[in-house]
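The values are calculated or read from the model by the stated rules, or taken from the named source; none is laboratory data. Note that the structure is a prediction, hence the values are computed from the model and not measured. Backbone-built Cβ (ideal geometry, glycine too); neighbour counts: all protein chains shown. These accessible areas exclude ligands, DNA and RNA; they are computed on the full protein's heavy atoms, side chains included. Shrake-Rupley method; radii C 1.70, N 1.55, O 1.52, S 1.80 Å.
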Amino acid sequence: MFNHPEKLITDDASHKWQDYLKAADAAGIPPIPNPEIIESLKQVFALSDFVAAVCTRDPAIPVDLIDSGDITHQYSKTEYHLKMGPALSAAVDEETLSRLLRRYRRRELVRIAWRDLSGWADLSETVSDLSAFADACLEHALNILHQWQCRRFGTPTAADGSKQLLVILGLGKLGARELNFSSDVDLIFAYPTTGDTRGVKKTIGNNEFFSRLCRRLIKVIGQPTADGFVFRVDTRLRPFGESGPLVMDFETMERYYQEQGREWERYALIKARAVAGDKKAGAFLLDRLNPFIYRRYLDYSVFESLREMKRMIALEVRRKGMENNIKLGPGGIREIEFFGQVFQLLRGGIIPTLQQRSILKVLAGLADEKIISTPVATALSEGYLFFRCVENRLQMHNDQQTHRLPADDPGWWRLAFSKFRERAIRT
């Protein structure tokens, strides 16, 4: 009775392994010589349909990861940027750029899932790698598209003739360098100042230039194709939401937040980080927005707004039946983050140590400031880490943006095996 779900998983993994071997043989890929690597890949196949499908579709990927040594070592902070250039060097138009990005995504997500599910990488490395990969994709795709667009429309400049570059702010998990395995990237686009392009016969305004550039970038990164997507892109957190312009100059954006910014927008900007483009200018913009996010006085009116935000979250959970949702359900990831971020909004302006993107650092700061007890901070941190680990394992199974706990016994067994890796699955 109790072994039946386990047998289903191991039998399924065995079939997937045989399918991979047949595909590798048909492609002329030599057998993997390392028994330890073979066992680890078998185990990953048992836990991730996504990895098994990608490796069977392109059996050269695991061999390349092994031969390059990428599967057995932790990337440095700059390694994705160093690898991304050669990976995209053959791009001559948006179609090939999209295809190369998606091909490289498959390789890197196999690497990240393989290292994680085999116990060679912990949660901090997994989310850091996913975030660094997203940063590199955005940065390199943006640079290529910017160069192509300058050839056609000229170089965007300020009134003093200085060149203008796009700034991409990443919010949420991307901003905090804690991206999930199958996550949206929440982005806000901006550029320093108004002006016109130069260097071509028919010029356009900076706003038109950057609006076109943003639309092309969203298409290249986020539009589903036969090869899938790179990252789903969400820009709804920008000023005025979906009805607002896709990109704004710094002055207009700052004025919007000063005059019309709402409490939920302060909440959204807590984790904001310049992830691509002109990062120095992006840091300058965030510094200008800091007084809006972190006020230097205790604004009691914020309590009602925060109470309403919490009420809306609870209503959404009940309405959509999310009790088994580890992100939005009671006591889940969102509630832990909300707990810490409420204190950031209330006291971050007068306690600079609370101005952190990482919720774990926020909880530690709250304990250091004696706002919450150390046992409470420890319990919340441990719960958060556990749920984030489970979240990634759920998403690694089929590269789907899910936060729901399994509805069947095999799903629970698979999750249990993926969480407690010391019990290897032999096929």
Qualifying residues in region 88-99 (those that are open to solvent by 30 Å² or more (accessible area, probe 1.4 Å) and part of a helix (DSSP H, G or I)) - the one nearest to Arg212 (Cα to Cα): Glu94
What do you reckon, is Ser373 open to solvent by less than 40 Å² (accessible area, probe 1.4 Å) and either modelled with pLDDT of 90 or more or aromatic (Phe, Trp, Tyr) (or both)? no
Among Gly277, Gly261, which is the only one that is more than 24 Å from Glu337 (Cβ to Cβ) and small (Gly, Ala, Ser)? Gly277
Among (1) closer than 28 Å to Leu47 by Cβ; (2) surrounded by 18 or more Cβ atoms within 10 Å (Cβ to Cβ); (3) among the aliphatic types (A, V, I, L, M), the one test that Leu354 misses: (1)
So, Val220, is that one closer than 24 Å to Glu265 by Cα and of a type in the set (Val, Ile, Thr) or not? no
Enumeration of residues in region 13-37 that are assigned to a helix (DSSP H, G or I) and open to solvent by 60 Å² or more (accessible area, probe 1.4 Å): His15, Gln18, Asp19, Leu21, Lys22, Asp25, Ala26, Pro35, Glu36
Answer with yes or no whether Lys77 is open to solvent by 70 Å² or more (accessible area, probe 1.4 Å), over 14 Å from Ser118 (Cβ atoms) and at pLDDT 95 or above. no
Number of the condition not met by Ile350 [criteria: (1) of a type in the set (Val, Ile, Thr); (2) outside any helix (DSSP H, G or I); (3) modelled with pLDDT of 95 or more]: (3)
Got a number for residues in region 211-244 being in a loop (DSSP other than H, G, I, E, B) and open to solvent by less than 60 Å² (accessible area, probe 1.4 Å)? 9
Residues of region 106-127 being surrounded by fewer than 20 Cβ atoms within 10 Å (Cβ to Cβ) and closer than 21 Å to Ala276 by Cα, in sequence order, are Glu125
Only one of Ser131, Ser124, Ser118 is closer than 19 Å to Glu391 by Cα and in contact with a Lys or Arg (Cβ under 6 Å, 6 or more places away or on another chain). Can you tell me which? Ser131
Tell me, yes or no, whether region 57-68 has at least one residue that is hydroxyl-bearing (Ser, Thr, Tyr), part of a helix (DSSP H, G or I) and either touching a strand residue (DSSP E or B) at 6+ places or on another chain (Cβ under 8 Å) or buried (at least 16 other Cβ atoms within 10 Å of the Cβ) (or both). no
Determine which single condition Ile359 fails, assuming it passes every other condition in (1) modelled with pLDDT of 90 or more; (2) open to solvent by 20 Å² or more (accessible area, probe 1.4 Å); (3) within 27 Å of Pro406 (Cβ to Cβ); (4) of a type outside the set (Asp, Glu). (2)
Selected residue (criterion: nearest to Gly411 (Cα to Cα)) from residues of region 38-49 that are aliphatic (A, V, I, L, M) and open to solvent by less than 10 Å² (accessible area, probe 1.4 Å): Leu47
Please determine, by comparing only the residues of region 299-330 that are farther than 21 Å from Gln344 by Cα, open to solvent by 90 Å² or more (accessible area, probe 1.4 Å) and in a helix (DSSP H, G or I), which one is modelled with the lowest pLDDT. Arg319
Would you confirm, using the coordinates I've provided, whether Leu109 is in a helix (DSSP H, G or I) and over 28 Å from Lys7 (Cα atoms)? no
For region 352-380, pairs from a residue that is without any contact (Cβ under 8 Å) to a residue 12 or more places away in the chain to a residue that is assigned to a loop (DSSP other than H, G, I, E, B) and small (Gly, Ala, Ser), with Cβ under 8 Å and 6 or more apart or across chains, are Ala367/Ser373
Looking only at region 164-172, decide whether some residue is on the phi > 0 side of the Ramachandran plot and part of a helix (DSSP H, G or I). yes
Return the only residue of Arg296, Arg255 being part of a helix (DSSP H, G or I), open to solvent by 70 Å² or more (accessible area, probe 1.4 Å), out of contact with any Ser or Thr (no Cβ under 9 Å at 6 or more places or on another chain) and not small (Gly, Ala, Ser). Arg255
Counted residues, region 268-283 - those being assigned to a helix (DSSP H, G or I), in contact (Cβ under 8 Å) with a residue 12 or more places away in the chain and among the hydrophobic types (A, V, I, L, M, F, W, C): 3
Which of the residues that make up region 376-416 are more than 19 Å from the chain's Cα centre (by Cα), surrounded by fewer than 18 Cβ atoms within 10 Å (Cβ to Cβ) and at pLDDT 90 or above? Val376, Thr378, Ala379, Glu382, Gly383, Leu405
Just to verify a result, which residue in region 182-193, among those that are modelled with pLDDT of 95 or more and in a loop (DSSP other than H, G, I, E, B), is least open to solvent (accessible area, probe 1.4 Å)? Pro192
